[in-house]
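Heads up, the thing below is written out as structure tokens.
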Amino acid sequence: MIEEPYRWVEAIANRREYIETQLASGSPIAAVGYREGVLFLTLGQARQKLFEVYDRIAMGAIGHPGDIERLRMAAIELASTEGFTRSAGDVSLRRLAHYSLSPVLKNAFEQVYGAPFLARMLFAEVGAKPEEDLFLRVEYDGAIATNGATFAQARQDFAVLSGTGKSTELMESFLKIEHEPGAPFEAALKVALDAWSIGHMTLKNNDAKELPERAALTKHRVEQLAVAGIEAAILERDASTAIRYRALSDEEVRASIQQ
């Protein structure tokens with residue numbers, strides 16, 4: 001009997017290590033607020049990573065495609081039910097994450113005889129003003145990281161998602177310095193692309209402790225743009241339309257990068 005709690009803790013630790021290993025190679029995602037909305041951006045060659053959830057809510061994810069799809073459908077169903085029983089304006093990302101997705105993920109993670117979700121998710125909800133944008137990162141164990149101000153940290157107008165903690169940390173460090181929430185779209189696009197490049201570089205060099213030199217960053221970005229496709233989407237701040245989500249084509253994004 002005395003050994004049972006220890007065995008559970010050991011099983012949880014092994015499960016966490018396994019999931020982290022599975023997610024370690026996931027292509028980073030950057031979400032940044034700008035003057036007219038919120039931009040999601042990632043690079044890849046195969047699977048879709050960015051999705052619409054509801055009118056003002058979008059999602060990016062890395063992990064197993066089947067688990068991502070299950071969680072995406074759960075988020076859509078919960079948001080649609082809330083919008084139907086109340087109103088579309090009552091659908092809240094905060095409620096969706098804290099009261100619905102987080103408990104499901106936590107329960108699956110802690111049931112050591114069942115399969116956990118191999119997924120890490122990033123959500124954003126566009127507000128009427130940049131300071132009302134909400135970003136949430138939801139982990140495979142149900143933990144939630146938010147951009148909201150607390151007694152220990154200032155509010156952030158961006159969020160990132162990556163396969164390792166070090167990659168995530170350096171992407172956030174870069175955006176704290178370079179990101180301006182009131183910037184135009186083209187500036188937001190370039191800073192998001194640089195943040196992605198830093199995250200991607202760090203995945204291959206997990207010993208990195210500082211941001212790369214500008215020359216190395218530019219070289220890596222050019223190399224990756226030559227071999228990978230750009231996946232991007234925006235949540236538009238324009239309140240004249242109910243649905244704010246719009247996917248951007250690779251050609252459209254590349255044309256904006258040149259400006």
A careful count of residues in the stretch 124-158 that are touching a Phe, Trp or Tyr at 6+ places or on another chain (Cβ under 8 Å), modelled with pLDDT under 90 and not in a strand (DSSP E or B) gives 3
Test Glu110 against the criterion of being out of contact with any strand residue (DSSP E or B) (no Cβ under 9 Å at 6 or more places or on another chain), of a type in the set (D, E, K, R) and farther than 26 Å from Gly63 by Cβ, and give yes or no.
no
Can you find even one residue in the stretch 225-240 that is in contact (Cβ under 8 Å) with a residue 12 or more places away in the chain and part of a helix (DSSP H, G or I)?
yes
Exclusive hit being surrounded by fewer than 14 Cβ atoms within 10 Å (Cβ to Cβ) and either modelled with pLDDT of 95 or more or not hydrophobic (A, V, I, L, M, F, W, C) (or both), set Ser249, Ser256, Ser167
Ser249
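Yes/no matrix, rows are residues, columns are (1) modelled with pLDDT under 95; (2) assigned to a helix (DSSP H, G or I); (3) surrounded by fewer than 14 Cβ atoms within 10 Å (Cβ to Cβ):
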{"site": "Tyr6", "(1), (2), (3)": "yes, yes, yes"}
{"site": "Glu10", "(1), (2), (3)": "yes, yes, yes"}
{"site": "Asn14", "(1), (2), (3)": "yes, yes, yes"}
{"site": "Ser25", "(1), (2), (3)": "yes, no, yes"}
{"site": "Leu41", "(1), (2), (3)": "no, no, no"}
{"site": "Ala46", "(1), (2), (3)": "yes, no, yes"}
{"site": "Gly60", "(1), (2), (3)": "no, no, no"}
{"site": "Asp67", "(1), (2), (3)": "no, yes, no"}
Regarding Ser100, is this residue outside any helix (DSSP H, G or I) and of a type in the set (Ser, Thr, Tyr)?
no
Which residue pairs have Cβ atoms under 9 Å apart, sit 6 or more places apart or on different chains, and have a first residue in the stretch 85-112 that is touching a residue at least 12 places away in the same chain (Cβ under 8 Å) and a second that is among the hydroxyl-bearing types (Ser, Thr, Tyr) and assigned to a helix (DSSP H, G or I)?
Val91/Ser80
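Kindly establish whether Ala188 is touching a residue at least 60 places away in the same chain (Cβ under 8 Å) and part of a strand (DSSP E or B). Steps first, answer last, please.
Numbers: touching a residue at least 60 places away in the same chain (Cβ under 8 Å): yes; part of a strand (DSSP E or B): no.
Here the answer is no, as Ala188 does not meet what is asked.
Just a yes or no: is a residue in the stretch 192-207 part of a helix (DSSP H, G or I), farther than 20 Å from Gly163 by Cβ and either β-branched (Val, Ile, Thr) or free of Cβ contacts under 8 Å to residues at least 12 places away in the same chain (or both)? Before you say what the answer is, go through the steps one by one.
Just the residues of the stretch 192-207 that are part of a helix (DSSP H, G or I), to begin with: 192-204.
Subsequent filtering for residues that are farther than 20 Å from Gly163 by Cβ retains none.
Scanning the stretch 192-207, I find no residue that is part of a helix (DSSP H, G or I), farther than 20 Å from Gly163 by Cβ and either β-branched (Val, Ile, Thr) or free of Cβ contacts under 8 Å to residues at least 12 places away in the same chain (or both), so the answer is no.
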Is it the case, given these coordinates, that Lys219 is among the charged types (D, E, K, R), closer than 26 Å to Leu93 by Cβ and in a helix (DSSP H, G or I)?
no
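The values are calculated or read from the model by the stated rules, or taken from the named source; none is laboratory data. Predicted model, so just to flag it, every value in this text is computed and none were measured. A quick note on method: Cβ atoms are made from the backbone with ideal geometry, for glycine too, and the neighbour counts reach across all protein chains shown.
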